[in-house]
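No value in this document is a laboratory result; all are computed from the given coordinates. Remember, it's a predicted structure, so these values are computed and weren't measured experimentally. For neighbour counting, all protein chains shown are included, and Cβ atoms are generated from backbone atoms with ideal geometry for every residue, glycine included.
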Amino acid sequence: MHLAVKTIIEQEKRLLLPTCDVIRYPDDCQSELKWESEGFVAPPYRYTTLVSNYRSWIERFGAGLATVPESPQMAEFDQVLVEQWEGDLRPDLIGIKGDRRLYIEVAVTHRIDAKKLNRIRTRQTAAIEILVPRTATSWDELRELVLNQSNGKQWAFSPRAESIAEADYQDKEPIRKARRDAEAKRSADAARRAQEVQAWRDERKRREVETAAQFAEKQELAAKIQAAEAKLAAERAAEFRKVQAAARAATIKWEAEQAAERQKSEAEEEAKQRLLDAEEAVRRETAIVALREGHPSPNLPLNGFVLFLDLDSALQPKERGFIDRLRCIADALRDTLCDIVVTSEIRHDHSAYEIAQLLTPLGGRHVGVTPILDPSDPYGNRAKEIESWEKANPGIRSVVIDGSSGGFGNRHVLDVSIRTGLTDWDADELRQYLRKNRRSL
């Protein structure tokens, strides 16, 4: 997933940047700066994605604030460097636009720590972190998240934003001075009140010493105060239980609404899947019927893209792991309009229909075999046989999977090892090629 995000940015050379909110803390409030999960901290600055939570505090304490830009903006780069060292720092990506640079960090399991943040700040280069959710599994979902959404992206450092926040901080010096004066006045008032309380305590002690009657009276007064406090505590407990019951009822209602929403979503997804399964079944039945009638390419006018497959070398049906390799190529072809023409020696011993049954997990993709130009040669000249098939089916785009990469002209060839057959690496290369050429299919 980490590699996928970097690949998307490297290929697209663009990224939607969120707003950068930076708070410049007053000098006497920096003890409150702590490293929290919701933002990066580098005293006296805090980068936050929840600036609305701090606005009242900012106005009250005279902190500086910068929001740059005011809304998310799309950044387009002239060049994107991947995993390149700059001094003692190696960011995941470096976006370059003219003479400006942006460090881009991709966080799946590990985020930017304090040590790396210090190195970034030392270089005075803006940096942003992309948080990739574990729930993101498809390529399209990752691409949408990275290129077109500002959620899940946090600024780690912006020299421009800090400069603006510092200027705003200096402009708010009158606010901080008024706060200091008010604090000094509160301290003086507290000292005066403390003196008055002490004087009252001294007077009370003197009176207690004067007469036992006065002492008894005070004891009675204390008992009344205690009873009043107990009554107040009981009223507060009753009010708390009332609020707690209301919160519990609201939680139960919310959970019921969430459950109903999940059931609705699951039902819609199930209906969608049934529709897809029905379409796939029709497509598979159409392909098999056409094969029984002897047509070599029943659905090529629909798909327009063919995989010429050396079935014996790539899938090795007589060796262990055939099913795993078959599922591997099926996963690579998922969501692509690509059919299969078999080119290997299995054509000499089995009919096209039997080969189609062998490749059942691929659905209705199998469309036939290349012609056998020399029946006495089980291996044949595959390049000429492919050329003969293409002449009979003009206008078809193709890719070749074969145990040998030579002799296929300008066709795109994926060379598989006849010792291991199709591997996950080969399937991933096929998947990337098909997706890259999706627009021309």
> So what's the gap between the Cα centers of the range 147-194 and the range 1-33, to the nearest angstrom?
Replying inline: 22
>> As an exercise, find the ratio Rg/Rh for the chain from alpha-carbon atoms, using the Kirkwood inverse-distance average for Rh.
In response: 1.24
> Quick one: Lys172, Lys97, fewest Cβ neighbours within 10 Å first, how do they rank?
Replying inline: Lys97, Lys172
> What is the local net charge at Asn381, summed over the other residues whose Cβ is closer than 15 Å to its Cβ (Lys, Arg +1; Asp, Glu -1)?
Replying inline: -3
> So which DSSP H runs in the chain come out at 20 Å plus along the axis (Cα) with average Kyte-Doolittle of at least 1.6?
Replying inline: none
> Going toward the positive end of the dipole of the range 294-440, with +1 on Lys and Arg Cβ and -1 on Asp and Glu Cβ, which of Pro371, Ser404, Cys328 do you reach last?
Replying inline: Cys328
> Can you put Arg382, Arg206 in order, fewest other beta carbons within 10 Å first?
Replying inline: Arg206, Arg382
> Under a 5 Å amide H to amide H cut-off, with H placed in plane at 1.01 Å, what residues pair with Ala156 once short-range neighbours are removed?
Replying inline: Ala127, Ile128, Glu129
> List the GluC sites (Glu not before Pro) in the range 61-165 that DSSP assigns to loop (not H, G, I, E or B) and whose Cβ has at most 16 other Cβ atoms within 10 Å. Which are they?
Replying inline: Glu70, Glu83
>> If you restrict to DSSP beta bridges whose two residues both lie in the chain, what percentage is antiparallel, to the nearest 5?
In response: 60
>> With +1 assigned to the C-beta of every Lys and Arg and -1 to the C-beta of every Asp and Glu, and no other charges, what is the dipole magnitude of the chain about the Cα centre in debye, to the nearest 20?
In response: 1900
> Under 18 Å Cα-Cα from Lys218, which lysines qualify once same-chain neighbours fewer than 8 residues away are excluded?
Replying inline: Lys205
> Points 7 angstrom from Cα along the Cβ direction at Asp331 and Ala278: gap in nanometres?
Replying inline: 3.0
> Which value in deg cm²/dmol, rounded to the nearest 500, describes the helix-derived mean residue ellipticity at 222 nm for the chain, given -39,500 (n - 2.57) per DSSP H run of n ≥ 4 and division by the residue count?
Replying inline: -16500 deg cm²/dmol
> Given the pairs Lys6/Lys116; Lys34/Lys115; Lys97/Lys172; Lys116/Lys172; Lys13/Lys115, which span a C-alpha to C-alpha distance of over 24 angstrom in this model?
Replying inline: Lys97/Lys172; Lys116/Lys172; Lys13/Lys115
>> As I understand it, the dipole of the range 294-440 uses +1 on the Cβ of Lys and Arg and -1 on the Cβ of Asp and Glu, about the Cα centre. Which of Leu358, Asn437, Pro394 lies farthest toward its positive end?
In response: Asn437
